[in-house]
1. How far is helix 10-22 tilted, in degrees, relative to the longest principal axis of the Cα atoms in the chain, given as a value from 0 to 90 rounded to the nearest 10?
2. What shape does the chain have by the C-alpha gyration tensor, where a ≥ b ≥ c are the square roots of the eigenvalues, rounded means a/c under 1.5, and otherwise prolate means a/b greater than b/c and oblate the rest?
3. Could you tell me how many degrees, from 0 to 90 and to the nearest 10, lie between the Cα long axis of helix 30-45 and the main elongation axis, the longest principal axis, of the Cα atoms of the chain?
4. Kindly provide the helix-only [θ] at 222 nm of the chain, computed as the sum of -39,500 (n - 2.57) over DSSP H runs of four or more divided by all residues, to the nearest 500 deg cm²/dmol?
5. Take the Cβ-Cβ distance between Y7 and Q66 as r, set R0 to 25 Å, and report the resulting FRET efficiency rounded to the nearest 0.05.
6. Compute the distance in nm between two label points, each set 7 Å from the Cα along the Cα-to-Cβ direction, one at L45 and one at F17.
7. Could you sort the peptides 6-19, 51-64, 24-37 by per-residue average Cβ neighbour count (10 Å cutoff), highest mean leading?
8. Tally Lys and Arg at +1 and Asp and Glu at -1 over the other residues with C-beta under 14 Å from the C-beta of E39: what net charge comes out?
Amino acid sequence: MAQFTFYLSAEDTDRVFALKKLTGHDDDTGNEYACRLLERELRRLFPAVPEFDEQGEVMNPPATIQRRNG
């Protein structure tokens with residue numbers, strides 16, 4: 001498991017807490033709920049378990065993802 005540390009804008013923080021309240025996740029901390037949102041979005045964007053080759057290139061990218069050059 002990896003730990004990520006980052007900051008959200010005030011507006012995005014408000015979005016997290018509004019969604020947390022509206023969805024009834026009162027027992028979650030803000031961090032727990034933000035983690036839940038990020039996990040859900042990652043699985044939506046990349047449903048399969050990523051596979052990498054020896055050079056670290058993704059072998060099974062989702063068809064919907066456009067690679068960024070440079």
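Only the coordinates and a few stated rules stand behind these numbers; no lab work does. Because the structure is a prediction, the values reported are computed rather than measured. Please note: Cβ atoms are built from the backbone with ideal geometry, for glycine as well, and neighbour counts cover all protein chains shown.
1. The answer is roughly 70 degrees.
2. Verdict is prolate for the chain.
3. Taking the Cα atoms of the chain, the angle to 30-45 is about 30 degrees.
4. On the way: 2 runs with 29 residues, N = 70.
Counting only the DSSP helices, I get -13500 deg cm²/dmol.
5. After rounding to 0.05, the efficiency reads 0.40.
6. 2.5
7. Working: 6-19: 10.6, 51-64: 8.9, 24-37: 12.9.
Top of the packing list down: 24-37, 6-19, 51-64.
8. Numbers: positive: R36, R40, R43, R44; negative: D28, E32, E41.
Value of the local net charge: +1.
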